1. Quickly estimate the mean residue ellipticity at 222 nm for the chain, helices only: each DSSP H run with n ≥ 4 gives -39500 (n - 2.57), and the total goes over all residues, rounded to 500.
2. With a 1.4 Å probe and all protein chains left in place, how much accessible area per residue does the chain have, in Å²?
3. Relative contact order for the chain: what is it in percent, counting Cα pairs under 8 Å that are at least 6 residues apart?
4. Once fully extended, how much extra length lies between ARG121 and ASP197, figured as 0.36 nm per residue of separation less the alpha-carbon to alpha-carbon distance?
5. Once neighbouring chains are kept in place and the probe is 1.4 Å, which whole percent of the accessible area of the chain is contributed by carbon and sulfur?
6. GLU32 to ASP51: extension gain in nm, 0.36 nm per residue of separation minus the Cα-Cα distance?
7. What's the ranking of 103-111, 60-68 by average number of surrounding C-beta atoms within 10 Å, highest first?
8. Counting pairs of alpha carbon atoms under 8 Å apart in space and at least six apart in sequence, what relative contact order in percent does the stretch 90-203 give?
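The values are calculated or read from the model by the stated rules, or taken from the named source; none is laboratory data. The shown structure was predicted, so the numbers you read here are calculated from the model rather than taken from an experiment. So basically every Cβ, Gly included, is an ideal-geometry build from the backbone, and we count neighbours across all protein chains shown. Note: accessible area is taken over every heavy atom of the protein model, side chains too, but ligands, DNA and RNA are not part of it. Shrake-Rupley method; radii C 1.70, N 1.55, O 1.52, S 1.80 Å.
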Amino acid sequence: MARELPSFDAGRAPVEPGPLFVDWLLWALDAEVPDAQVATLSTVDSDGRPDARMLVLRDVDAARGAWWFAADADSPKGRQLAATPWAALTFYWPAQGRQVRLRGRVEAEGGDRAAEDFHGRSPASRIAALVGHQSERLADAEELADAWDRAAALLDREPAAVAPGHTLYAVLADEVEFWQGESGRRHVRLAYTRGHDGTWGRGLLWP
Ligand SMILES: Cc1cc2nc3c(=O)[nH]c(=O)nc-3n(C[C@H](O)[C@H](O)[C@H](O)COP(=O)(O)O)c2cc1C
């Protein structure tokens, strides 16, 4: 049976993509789409080979066109972003048949803002970050259990501790595409592009 999908009147879309993204995200959250705030982050490694993984969107600055996520600067993705500070984020909200793709330059922010983000996390999430070594080869489960206990003890002694590599990253989008699926396959695609003067243009794409 065809799914009931929302209609998308691209002609009435706002002049900038940020508010439309927030509108679609809130719609997905309201509809209890699982992990609505989770996206695929794509980066490239030093050989120009693509890499991708899921992560949680931490914030959106709709006015600035900045999408924020948090990660360890010492992880593969952190090193890839240090060498090539460009990335793409891809969201998919199946219940609404909606995809949003965006890409742009990436800025990293450590310091107070990253510390504030860190302190807002659950103890388990802070311990996991303090364990570190993300994506390095692990000998066995016991090695992780020991590192976990040490990180938990550190957090007990120093509740304000922040994982050294904890970093907030902003994708400063210069391209954002909204894809609205349609049960008859006449999908609607609206692409926003940011010009050199910072203003946004927009237009439809063939599906
Ligand atoms: C639903 C979900 C949410 C995740 N959220 C994050 C996140 O917010 N930050 C993060 O660094 N990794 C997150 N991860 C783990 C990453 O997908 C990835 O495994 C890890 O960051 C290592 O990636 P890297 O080796 O490319 O650096 C999440 C994974 C899943 C499945």
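1. Calculated from helices alone, the mean residue ellipticity at 222 nm is -8500 deg cm²/dmol.
2. 58 Å²
3. Working: 365 pairs, mean separation 49.2, N = 207.
Dividing the mean separation by the residue count of the chain yields 24 percent.
4. Numbers: separation 76, 0.36 × 76 = 27.36 nm, distance 3.72 nm.
Here the segment from ARG121 to ASP197 would lengthen by 23.6 nm.
5. 51 percent
6. Length gained between GLU32 and ASP51: 4.0 nm.
7. The most tightly packed comes first, giving 60-68, 103-111.
8. Relative contact order comes out at 34 percent.
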